[in-house]
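What follows is a single structure, and I will ask about it in a moment.
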Amino acid sequence: MKPSSASAQANPNIAFIKYWGNQSQELRIPVNGSISMNMAGLETVTSVIFDDAISGDTLSINGKMVEGKGLERVSSILEIGRRAAGIHSYAQVMSTNNFPTGAGIASSAAAFAALAKATVSALGLPWDEPAISRLARMGSGSASRSVPGGFVEWYVGESDESSYAETIAPAEHWALADCVAIVSASHKKTGSTEGHALAPTSPLQGARVADTPRRLELCRNAIRARDMRALAEVIELDSNIMHAVMMTSSPALFYWQPETLAVMAAVREWREDGLLAGYTIDAGANVHVICEQTSAAEVQTRLRNVPGVQRVLMSSAGGGAKLV
Ligand code: DP6
């Protein structure tokens, strides 16, 4: 077979309603549905070259060769593609990010969305967007949401076939900004894969999951109506509930730093004073502050003045994974 290649680009996404815990850890079928916004401007570009001449899959991230667990995770995605296409060639995978890895901005989401998109194209598989979203999901659950564009819902599903993500509103629907207050750029101690496995050990997880359909509905409605106050309230509630589960699992996971709480308190105060914004925090210490574009400059300036905030990364609603 002649070498066949493709390159794809994807954005990370910020979850408004969070994914935390799996029905199937292996297939990454979640215990609850989730909703997110793709983050424009932050990008991963991944190239995949299937080539008979190489004797094993290889992976480089930002020019550095990666082996072990990281390579295995990528190989398992390539393997699903190879099986579907009926080929045996190994692949060379090269990925570059334009944003810091391991700092609470889920780089794995953009990485596996771009990898899935490029793999399917390089192999010439006639897969639609849900199928590509499912493939990305196998690499990293939240990556399923970086395949479709704009505002996205990942349906919980009960099987591999039914657990994929879809656009619920295009990026143009609502000019939102994500102002990410970076309070720590260091690598998190417990990654999300291990964290998902601990979720069922929290006595609060059952209540969180049972209430998720209600929060999903509030979030969908807020997006549909472009209601910033309703969105701020539901994303803060959802983030707080997930962190309550994290803090009460065994072992307990604490991702917040004192600076994280300082930003959370500031955002709530600003909202009381009329500056409409809401916070949400993933498995890290950094705080994503969501607001309308018209308030973004003000939010950015204020965030920079909160002690402990090192820098503020700005993003807006972005598109889905695409070939480049
Ligand atoms: C807290 O998708 O990173 O960011 O499937 O193990 O790669 P893996 O987990 P991942 O989990 C994301 C968790 C979260 C919430 C979210 O993005 O929904």
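The values are calculated or read from the model by the stated rules, or taken from the named source; none is laboratory data. Bear in mind that the values here come from a model prediction, so they are computed numbers and not experimental data. Quick reminder, even Gly has a Cβ in these numbers, built from the backbone with ideal geometry, and neighbours come from all protein chains shown. Quick note on the areas: whole protein, heavy atoms, side chains included, nothing else; ligands and nucleic acids left out. Shrake-Rupley method; radii C 1.70, N 1.55, O 1.52, S 1.80 Å.
So in the stretch 180-228, with the set limited to residues that are in a helix (DSSP H, G or I) and β-branched (Val, Ile, Thr), which one is nearest to the chain's Cα centre (by Cα)? I'd like the intermediate steps shown before the answer.
The initial filter retains those residues of the stretch 180-228 that are in a helix (DSSP H, G or I), namely 192-201, 205-225, 228.
With β-branched (Val, Ile, Thr) added as a condition, the list becomes 193, 201, 209, 212, 223.
Numbers: 193: 13, 201: 23, 209: 19, 212: 18, 223: 18 Å.
In this case the residue turns out to be 193.
Here are the criteria: (1) in contact (Cβ under 8 Å) with a residue 60 or more places away in the chain; (2) open to solvent by 20 Å² or more (accessible area, probe 1.4 Å). Tell me which single one residue 79 does not satisfy.
(1)
Taking the condition of being open to solvent by 10 Å² or more (accessible area, probe 1.4 Å) and touching a Leu at 6+ places or on another chain (Cβ under 6 Å), how many residues in the stretch 203-228 meet it?
If we filter the stretch 203-228 for residues that are open to solvent by 10 Å² or more (accessible area, probe 1.4 Å), which is where we start, we get 203-207, 209-211, 213-214, 216-218, 220-221, 224-227.
Filter once more, so that each one left must be touching a Leu at 6+ places or on another chain (Cβ under 6 Å): none.
Residues flagged as open to solvent by 10 Å² or more (accessible area, probe 1.4 Å) and touching a Leu at 6+ places or on another chain (Cβ under 6 Å) within the stretch 203-228 amount to 0.
Can you tell me which residue in the stretch 84-111 is nearest to residue 54 (Cα to Cα), limited to those that are of a type in the set (Val, Ile, Thr) and within 16 Å of the ligand (Cβ to nearest atom)?
Step one: filter the stretch 84-111 for residues of a type in the set (Val, Ile, Thr), giving 87, 93, 96, 101, 105.
Next, only the ones that are within 16 Å of the ligand (Cβ to nearest atom) stay: 101, 105.
Numbers: 101: 28, 105: 33 Å.
So the residue we want is 101.
While we're on this one: Could you tell me how many of the residues in the stretch 112-157 are open to solvent by less than 10 Å² (accessible area, probe 1.4 Å), more than 11 Å from the ligand (Cβ to nearest atom) and under 14 Å from residue 74 (Cα atoms)?
7
Can you find a residue that is under 25 Å from residue 145 (Cβ atoms), in a helix (DSSP H, G or I) and within 15 Å of the ligand (Cβ to nearest atom) anywhere in the stretch 59-69?
yes
Can you tell me which of 10, 40 is at pLDDT 95 or above and within 16 Å of the ligand (Cβ to nearest atom)?
Details: 40 fails: within 16 Å of the ligand (Cβ to nearest atom).
Sole residue among the options that is at pLDDT 95 or above and within 16 Å of the ligand (Cβ to nearest atom): 10.
Here is a further query. Exactly one condition in (1) surrounded by fewer than 19 Cβ atoms within 10 Å (Cβ to Cβ); (2) away from the ligand (no atom under 16 Å from the Cβ) is false for residue 277; which is it?
It is condition (1) that residue 277 fails.
Taking residue 26 and the conditions (1) over 21 Å from the mean Cα position of the chain (by Cα); (2) of a type in the set (Asp, Glu); (3) surrounded by fewer than 17 Cβ atoms within 10 Å (Cβ to Cβ), which numbered condition does it fall short on, given that it satisfies the others?
Of everything listed in (1) over 21 Å from the mean Cα position of the chain (by Cα); (2) of a type in the set (Asp, Glu); (3) surrounded by fewer than 17 Cβ atoms within 10 Å (Cβ to Cβ), residue 26 misses just condition (1).
Results for (1) of a type in the set (D, E, K, R); (2) at pLDDT below 95, shown as yes or no for each residue.
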site: 186; (1), (2): no, yes
site: 202; (1), (2): no, no
site: 212; (1), (2): no, no
site: 224; (1), (2): yes, no
site: 236; (1), (2): yes, no
site: 246; (1), (2): no, no
site: 252; (1), (2): no, no
site: 265; (1), (2): no, no
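Moving on. Which residues, counting only those in the stretch 237-246, are aliphatic (A, V, I, L, M) and free of Cβ contacts under 8 Å to residues at least 24 places away in the same chain? Outline the logic, then answer.
Initial filter on the stretch 237-246 (aliphatic (A, V, I, L, M)): 237, 241-242, 244-246.
Of everything in the stretch 237-246, just one residue is aliphatic (A, V, I, L, M) and free of Cβ contacts under 8 Å to residues at least 24 places away in the same chain, namely 237.
Going by what's in this entry, would residue 177 be described as outside the structural domain of residue 33 (by TED's automatic domain parsing), surrounded by fewer than 19 Cβ atoms within 10 Å (Cβ to Cβ) and either away from the ligand (no atom under 14 Å from the Cβ) or farther than 19 Å from residue 28 by Cα (or both)?
Numbers: outside the structural domain of residue 33 (by TED's automatic domain parsing): yes; surrounded by fewer than 19 Cβ atoms within 10 Å (Cβ to Cβ): no; either away from the ligand (no atom under 14 Å from the Cβ) or farther than 19 Å from residue 28 by Cα (or both): yes.
It is false that residue 177 is outside the structural domain of residue 33 (by TED's automatic domain parsing), surrounded by fewer than 19 Cβ atoms within 10 Å (Cβ to Cβ) and either away from the ligand (no atom under 14 Å from the Cβ) or farther than 19 Å from residue 28 by Cα (or both).
Within the group 49, 35, 54, which residue is outside any strand (DSSP E or B) and either in contact (Cβ under 8 Å) with a residue 12 or more places away in the chain or more than 16 Å from the ligand (Cβ to nearest atom) (or both)? Walk me through how you get there before you give the answer.
Working: 49 fails: outside any strand (DSSP E or B); 35 fails: outside any strand (DSSP E or B).
Of 49, 35, 54, the one residue that is outside any strand (DSSP E or B) and either in contact (Cβ under 8 Å) with a residue 12 or more places away in the chain or more than 16 Å from the ligand (Cβ to nearest atom) (or both) is 54.
Answer yes or no as to whether residue 162 is outside any helix (DSSP H, G or I) and either under 20 Å from residue 25 (Cα atoms) or assigned by TED's automatic domain parsing to the domain that holds residue 239 (or both). Working first, answer last.
Values: outside any helix (DSSP H, G or I): yes; either under 20 Å from residue 25 (Cα atoms) or assigned by TED's automatic domain parsing to the domain that holds residue 239 (or both): yes.
Yes.
Restricting attention to the stretch 13-32, which residues are more than 10 Å from the ligand (Cβ to nearest atom) and touching a residue at least 40 places away in the same chain (Cβ under 8 Å)? Before the answer, list the steps.
Looking only at the stretch 13-32, we keep the residues that are more than 10 Å from the ligand (Cβ to nearest atom), and these are 23-24, 26-27, 29, 31.
Selection gives 23, 27, 29, 31.
Taking the condition of being open to solvent by 30 Å² or more (accessible area, probe 1.4 Å) and among the aliphatic types (A, V, I, L, M), how many residues in the stretch 182-202 meet it?
Going through the stretch 182-202 one residue at a time, the tally reaches 3.
Right, here's the next one. Hey, among 236, 259, which residue is among the acidic types (Asp, Glu), surrounded by 14 or more Cβ atoms within 10 Å (Cβ to Cβ) and in contact with a Phe, Trp or Tyr (Cβ under 8 Å, 6 or more places away or on another chain)?
236 is the lone residue from the list that is among the acidic types (Asp, Glu), surrounded by 14 or more Cβ atoms within 10 Å (Cβ to Cβ) and in contact with a Phe, Trp or Tyr (Cβ under 8 Å, 6 or more places away or on another chain).
Taking the criterion of being on the phi > 0 side of the Ramachandran plot and over 22 Å from the mean Cα position of the chain (by Cα), would at least one residue in the stretch 268-287 satisfy it?
Yes, there is a match, as at least one residue in the stretch 268-287 is on the phi > 0 side of the Ramachandran plot and over 22 Å from the mean Cα position of the chain (by Cα).
Scan the stretch 213-223 and tell me whether some residue there is farther than 27 Å from residue 299 by Cα, touching a residue at least 12 places away in the same chain (Cβ under 8 Å) and of a type outside the set (Lys, Arg).
Yes, the conditions are met somewhere in the stretch 213-223.
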